[in-house]
Amino acid sequence: MSFYKVDSAMPGSYPFAGLSNYTKVFSDPSFYPVLGHTAYFTIVSTAAELVLGMGVALLLNAPLRFKWVWRSLVVLPWALPTIVNGALWRWIDNGQYGVLNQLLGTEIQWLGSPFLALNMVIVADVWKNTSIVAFFLLAGLQTIPAELREAAVMDGASTWRSFWQIVVPLLKPSIAVVLVLRTIEAFKVFDIVYVMTGGGPASGTQTVAFYTYLQAFSNQLFGYGAALAYMIVIAVGALAMFYLRLLRQNQLAGV
């Protein structure tokens with residue numbers, strides 16, 4: 001379909017278009033802002049989830065009472081369906097009766113401006129997915145012998161230094177897995193944007209996947225939408241190969 005001109009204006013007549021749908025992607029002035037939103041969403045959400053997930057993993061790996069209770073509570077946001085999570089945060093961020101304004105004593109329209117709305121969608125995504133990142137990293141932490149950190153402390157290393165020089169290098173395989181999974185999921189985000197903002201305001205929260213949906217099903221440019229969908233597949237595949245290559249290099253280097 002991506003090689004044909006398929007739209008509702010010519011039902012039953014689909015002329016061959018060659019690569020014109022693909023070249024249209026790069027000549028479409030509306031595509032580049034959408035690509036920028038997607039890149040910003042991917043980088044910020046993945047970085048925030050990695051940092052917060054690491055903190056949660058370290059807490060869950062510490063000697064705590066009722067550890068199973070804390071782990072059960074942490075996994076609850078991730079267990080919520082994304083549609084429910086988006087609807088929940090849409091109500092929280094409501095400028096008139098949302099609980100966020102009530103807690104802060106403000107009257108901010110959190111979903112009223114493009115940049116602020118995009119960041120609030122990121123907050124909702126981070127709240128949901130930090131827990132799964134934490135459990136991936138927790139699994140990696142539990143493979144690190146406690147004797148290594150104890151020996152470092154006995155040698156005079158601070159907690160911060162032992163974390164950076166012992167824990168982080170040994171967690172590189174787990175971190176790489178997290179980066180692969182979360183980057184791919186963030187790059188093709190659609191559902192939480194659809195529920196929270198519908199791509200608005202002023203197209204400020206449109207991502208590549210959401211833009212593809214609009215072109216194919218709202219504008220009924222199915223050929224162009226198919227080309228956009230394949231561009232997403234190519235981009236996600238390239239990201240996955242990049243991360244996996246880094247992981248393989250680390251394994252060969254014995255890191």
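The values are calculated or read from the model by the stated rules, or taken from the named source; none is laboratory data. Everything numeric here is computed off the predicted structure, so don't read it as measured data. No Cβ is skipped: glycine too gets one built from the backbone with ideal geometry, and neighbour counts run over all protein chains shown.
Some notes on this structure:
- Residue match in the range 108-115 (condition: surrounded by fewer than 17 Cβ atoms within 10 Å (Cβ to Cβ), over 20 Å from THR42 (Cβ atoms) and more than 24 Å from the chain's Cα centre (by Cα)): yes
- Among the residues making up the range 221-253, those that are surrounded by 12 or more Cβ atoms within 10 Å (Cβ to Cβ) and at pLDDT below 90 are ALA235, VAL236, LEU239, ALA240, PHE242, TYR243, LEU244, LEU246, LEU247, ASN250, GLN251.
- Residue that is within 23 Å of ASP7 (Cα to Cα) and either in contact with a helix residue (DSSP H, G or I) (Cβ under 6 Å, 6 or more places away or on another chain) or not charged (D, E, K, R) (or both), where the choices are GLY199, GLY237: GLY199
- Filtered by the rule that a residue be small (Gly, Ala, Ser) and either touching a Cys at 6+ places or on another chain (Cβ under 6 Å) or within 17 Å of ASP191 (Cα to Cα) (or both), the range 40-54 gives a lone residue, SER45.
Condition check ((1) within 22 Å of LEU239 (Cα to Cα); (2) without any contact (Cβ under 8 Å) to a residue 24 or more places away in the chain; (3) buried (at least 16 other Cβ atoms within 10 Å of the Cβ); (4) of a type outside the set (Gly, Ala, Ser)) across all residues:
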| site | (1), (2), (3), (4) |
| --- | --- |
| SER30 | no, no, no, no |
| PRO33 | yes, no, no, yes |
| ALA48 | yes, no, yes, no |
| LEU60 | no, no, yes, yes |
| LYS67 | no, yes, no, yes |
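- Of all residues in the range 147-192 being modelled with pLDDT under 90 and in contact with a Gly (Cβ under 6 Å, 6 or more places away or on another chain), the one that is farthest from VAL121 (Cα to Cα): LEU171
- When residues of the range 116-138 are limited to those that are of a type outside the set (D, E, K, R) and either in contact with a Ser or Thr (Cβ under 7 Å, 6 or more places away or on another chain) or not in a helix (DSSP H, G or I) (or both), the one nearest to PRO77 (Cα to Cα): VAL126
- Residue in the range 219-232 that is in contact (Cβ under 8 Å) with a residue 24 or more places away in the chain and within 17 Å of the chain's Cα centre (by Cα) present: yes
- Restricting the range 8-28 to residues that are among the hydroxyl-bearing types (Ser, Thr, Tyr), more than 29 Å from VAL180 (Cα to Cα) and at pLDDT 90 or above, the residue that is surrounded by the most Cβ atoms within 10 Å (Cβ to Cβ): SER20
- Test: residue in the range 173-195 that is over 14 Å from the mean Cα position of the chain (by Cα) and surrounded by fewer than 15 Cβ atoms within 10 Å (Cβ to Cβ): yes
- One residue stands out in the range 146-172 among those that are surrounded by 17 or more Cβ atoms within 10 Å (Cβ to Cβ) and of a type in the set (Gly, Ala, Ser): the one that is nearest to ASN129 (Cα to Cα), namely SER162.
- Any chance LYS188 is closer than 20 Å to VAL25 by Cβ and of a type outside the set (A, V, I, L, M): yes
- Residues of the range 18-72 classified as of a type in the set (Asp, Glu) and assigned to a loop (DSSP other than H, G, I, E, B), total: 1
- A search for C-beta distances below 7 Å between a residue of the range 187-200 that is over 17 Å from ASN119 (Cβ atoms) and any residue that is of a type in the set (Val, Ile, Thr) and in a helix (DSSP H, G or I), counting only pairs 6+ apart in sequence or on different chains, returns PHE187/THR38; PHE187/THR42; PHE187/VAL236; LYS188/ILE232; LYS188/VAL236; ASP191/THR82; ASP191/ILE83.
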